[in-house]
Amino acid sequence: MTSHLRLLRSRPVRTATALALALLLAAPAGCGTEPAPDARAAGPSSAAPAPARAELEARAAALQTVAEHVWVTEAPGFALARQSVGVLGDDGFGSAYTSPDGGRIQVSVERRPHAAADCTDAAGPATTCERDGEQWYRASESGHAYAREQDGLVVTLSGTRQGVNRETLRAAALAAHRADDRELDEVLPPLGGAPGQQPVERGDLPPVGDGAPNNDVGASG
C-alpha cells in the first residue's frame with residue numbers, strides 16, 4: 001500500500017517533467033519554420049546578367065578601342081555623359097562626367113610616355129606639378145589633372161578649376177578603375193550604335209537626284 005501511494009505521488013511530477021522536456025525539444029523546431037533574417041535578405045538579385053564577354057569586346061572594337069582600355073570612375077554630383085564616350089588616339093578611351101551646374105571631369109586612357117612626362121615643359125607651363133600618392137598632380141591657372149601609370153597606360157582625369165575643385169578631382173582619380181563586364185555594358189554603345197558609325201539622317205535631303213539639300217521655301221516665303 002505504501003509503495004502504491006509513492007507511485008501515485010511521483011506520477012504528476014514525472015508527467016510534468018516529460019511535458020516540459022517535450023516543449024523544450026519542440027521549441028527549436030518551431031523557431032526553425034521561420035527563415036532567418038539573413039536568409040530572407042539574400043534572395044536572388046533582380047539585376048540582369050552582363051552580356052557575354054565576346055559581345056562586350058565586339059562593342060569595344062566597334063568603338064575602335066579594346067575593353068581593357070575602358071575605365072570608369074565616380075564623383076559626388078557627377079554622372080557619365082554617354083555621348084562623350086569614344087576612342088582616344090589609336091586605341092585609347094575617353095569619356096566625360098558632368099554635373100548639373102556645368103562641371104566636367106574628363107577621363108583619358110592612352111598608350112603614351114609615363115605620367116611624369118606631364119610635368120615637363122612640353123606639356124605647357126604649370127603652376128603646380130607634384131607627386132600625390134601613386135599619381136601626379138599638375139595644375140595651371142585654368143585647369144588641373146591627376147595622372148597615373150598602370151599596365152602600360154596613362155590614365156588621366158582632368159577638368160577646369162572652375163568646373164571641379166582639386167578635392168573632387170582627386171577623389172574621382174582615386175576611384176577610377178578598369179570597367180568590369182557590367183560597367184562595360186553600361187558604358188559601351190550597342191553594336192551599330194557607336195559614335196560616327198551610323199550616317200546622320202537629314203530631313204532636307206530629297207529621295208531622288210544628287211542628294212543636294214532641298215532649300216525651297218514655302219508659299220509664305
Using 0.36 nm per residue of separation minus the Cα-Cα distance, give me the extension gain between residue 79 and residue 57 in nm, one decimal. 5.6 nm
Could you check the spin-label model distance between residue 180 and residue 48? Points 7 Å from the Cα along Cα→Cβ, value in nm. 1.9
Would you mind counting up the charge near residue 52? Only other residues with Cβ under 12 Å from its Cβ, with Lys and Arg at +1 and Asp and Glu at -1. -2
Show me the three semi-axes of the equivalent ellipsoid for region 68-164, from the C-alpha gyration tensor (sqrt of 5 times each eigenvalue), largest first, rounded to whole Å. 20, 18, 11
Quick query: amide H of residue 143 versus all other amide H atoms, modeled in the peptide plane; which residues come in under 5 Å with a sequence gap of 5 or more or a different chain? 161
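Read the figures in this text as sums done on the coordinates, not as results from a lab. Since this is a predicted model, take the numbers as computed values, not measurements. A quick note on method: Cβ atoms are made from the backbone with ideal geometry, for glycine too, and the neighbour counts reach across all protein chains shown.
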